[in-house]
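Working notes, structure below.
The values are calculated or read from the model by the stated rules, or taken from the named source; none is laboratory data. Remember, predicted model here, so these are calculated numbers, not experimental data. As a convention, Cβ positions derive from the backbone with ideal geometry for all residues, glycine included, and neighbour counts pool all protein chains shown. Note: areas computed on protein heavy atoms with side chains; ligands, DNA, RNA excluded. Shrake-Rupley method; radii C 1.70, N 1.55, O 1.52, S 1.80 Å.
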Amino acid sequence: MSMAVHVGAVGVARPRIEGRAKVTGAARYAADEPIPDLAYGALVLATVARGRVRDIDVASVRDMPGVLGVIDHTNAPRLNPEAGNFFGPDGGLRLLQDDLIPHAGRPIALVVAETPEQARAAAQALPVTYDEQPHDTRLFAGHPAGRPALTLFDAPADIGDVDAELAASAVVVDERYGTPEENCSAMEPHSATAWWEGDRLEAVDSNQGPFQIAFTLATLFHLPPERVRVRVDHIGGGFGGKTMCGPQLILAAMAATRFGRPVRVTLTRAEVFLATAQRPATDQRIRIGADADGRLRAIHHDATYEISPLAEYIEGCTELTKTLYAAPAIRTALTVVPLDILPPYSMRAPGAAPGSFALESAMDELAERVGLDPLELRLRNEPGVGPVSGLPFSSRNLVACLREGARRFGWASRDHRPRMRRAGPLLIGTGLAATSFSTGAFPSTATITAEPDGTFTVAIAAADLGTGARTALTAIAADALAVGTDRIRLRISDSAIGPAWGAGGSRGTASWAWAITEAAAKIRGPERPMTATVDTTQLLGDLASRERHAFSAVFAEVGVDPATGEVRVRRLLGMFAVGRVINPLMARSQVIGGMIGGLSMALHEEGVRDPVTGRHVNADFAGYHIAAHADVPDIEADFVPDDEPGVPWGIKGVGEIGNVGTAAAIANAVWHATGVRQRHLPIRLDRVLES
Ligand code: MOS
């Protein structure tokens, strides 16, 4: 592969290509696309948590102003039942296919009208009666419905003799940690517009992966993939919540089919909370045993989380437990409890975020009980190879992150005893956590065309959620073609471009860059073709022969007001090993965003469900708190030199690593400030006061 880098856009801090369009309002998001003859759909959501729809009185709204009609289970287009039910609200949801209500907030009808206001008014007026059945939305470890999770990834580990090692340990931590349901809460609510052009279904949809979503949509509507096209220009955040074929798109496509004109469905904020996937609640038990000098003998991590009977989902809480520390005995298991809830799905470092909260809190508890600096405890248990897999790491610079982070944070002067520092009425504490997030690449297809004017059109069905993908891929294409970035015309976010991995799993940049780089090598190769298309399916090589992870160390300082229970983060510092950094400006922005997500997880975010009604009681931004400006302190984030052998440009990925570990670092700092462990997130005022 040709990797000439004489132009040198990669590695340079460059501003966002679409930044000006965004700040001037010129950038179009899905709901902004002007489309002639548009009708609007408004959702009707079930208000009971389990049961059947007895009656929807469509006649009573049919004559309301502007109403074109109502789609419900009695008249909706029949979806292909073979569309699959693994992983969240896609084909598996089978929207409007029957009268069953599997969870509160289930879409049971779509009212279509000439204007959004008319559609909403009729949806709100639509009388619905139900036959209610008893429901269960309460997660706890040991729930009688619990069963092992599927093992497609984060499979259970069992090396060594955990029980014997724990029995022989000088110190044992055995604690339970809990994390709540959390919602992705992207700033842009989900919106889709669908219409037919001849026999082709067209859609503009805010999502993280247009190709896979078009493929799912085609399957659902019994269409060959080439007759479905899904695209979008700009996306206002995803965080995992736009990875699936969402209800907005399925319902818009149904309505376009039924009414024979373009239909736009834009979710309200409440509908985003109630009808798009969220992170499942977890209940995790961790046992760690160590010798008196802090050397680990055993780690046992049992994670229980909720799913829906509608769809499987793997929240890989125990992946870090198999990655971070050497121990002669490691056992992990994932248990799922099917409850009457919307199928959970990926959100901001799925698995790793709740899993690392449990593991890195437990490690801090171990440091306390052994009487060791939490930093030293990590350094003492650094593995040479994958602790469970035995595979070599592609590269592992966790120690560099820990040491450099500690130096910049001023960790050496820390008194490790709790409740020793005060600032006025506040108790001050510091904490750290080590983290990792798996990396890799997935098959993608890129096409590069040498244009007569000397520019290059570079097309790949990537998605830019606001992360800077456009800017990064432009730099990569420029360097791969050995031209300036001004000669690159990037086309993304269109399923018609061809198969490509989505913006997810922290694997977007690596996957897309691989295809672009190989296509550029062809363009520059001896045959000098005017256009080259490369599908990397056969090129990715044996990535699985090594453990591939990004690593980081997060340090936090908090102030706790013992009178009110308020926790404020005063400082956050993250040092990251993420492979080669394509654009330091945007990579920093990405990991800082992740750390803010972690802060938000630590202190604020919680989907509160009333077990009596089975409904969320805080499905809006008034009740569901996320970190706002005033909550976010000075954040320092930087990168240690790192590389990823075997992947073009040495890319790992920055998408999710910033999120992982931050919650534990903050919880550990709260312990250091107060002397009390917070084993349940978020660390609310009442939890601090009660303890
Ligand atoms: Mo992500 S949670 O892989 O968008």
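Per residue, the chain reaches -7000 deg cm²/dmol at 222 nm when only DSSP H runs of four or more residues are counted, each adding -39500 (n - 2.57).
Solvent-accessible area assigned to carbon and sulfur over the chain amounts to 53 percent, based on a 1.4 Å probe. Taking 16 Å as the cut-off, the amide N atoms of region 7-49 that come nearer than this to a point 7 Å along the Cα-to-beta-carbon line of M64 belong to 40-47. Which FRET efficiency value, to the nearest 0.05, is calculated for R54 and A270 with the Förster distance at 22 angstrom and r the Cβ-Cβ distance? FRET efficiency, R54 to A270: 0.40. Between the listed residues N659, G289, L334, the Cα displaced farthest toward the positive end of the dipole of the chain, a dipole computed from Cβ unit charges relative to the Cα centre, is found at N659. The amide H of A637, built 1.01 Å from its N in the peptide plane, has G574 as neighbours under 5 Å, considering only residues 5 or more places off or on other chains.
Between region 306-346 and region 627-667, how many Å separate their Cα centres? For region 306-346 versus region 627-667, the Cα centre distance is 22 Å. Ranked by the mean number of other Cβ atoms within 10 Å of their residues, highest first, the peptides 331-339, 148-156, 30-38 fall in the order 331-339, 148-156, 30-38. Using 0.36 nm per residue and subtracting the Cα-Cα separation, the extra length available between F140 and Q538 on full extension is 138.9 nm.
Ligands, DNA and RNA are left out, and with a 1.4 angstrom probe the accessible area of region 461-608 is 32 Å² per residue. From most to least packed by mean Cβ count within 10 Å, the peptides 676-683, 357-364 give 357-364, 676-683.
Placing +1 on each Lys and Arg Cβ and -1 on each Asp and Glu Cβ, with no other charges, gives the chain a dipole about its Cα centre of roughly 1100 debye. With r defined as the distance between the Cβ atoms of N618 and T129 and R0 fixed at 22 Å, what FRET efficiency is calculated, to the nearest 0.05? The pair N618/T129 has a calculated efficiency of 0.25.
The label point for E527 and the one for A26, both projected 7 Å from the Cα toward the Cβ, are 3.9 nm apart. Computed about the Cα centre, the dipole magnitude for region 231-297 is approximately 200 debye when only Lys and Arg (+1) and Asp and Glu (-1) carry charge, each at its Cβ. Peptides 470-477, 507-514, ordered by how many other C-beta atoms sit within 10 Å of their residues on average, highest first, read 507-514, 470-477.
The residues of region 135-218 have, on average, 42 Å² of accessible surface per residue, using a 1.4 Å probe with all protein chains present. Here is what passes the span test in the chain: the DSSP H helices with alpha carbon length of 24 Å or more along the helix axis and a Kyte-Doolittle mean of -1.0 or above are 352-370, 584-603.
Structural descriptor for the chain: relative contact order 17 percent, calculated from alpha carbon pairs under 8 angstrom and at least 6 residues apart.
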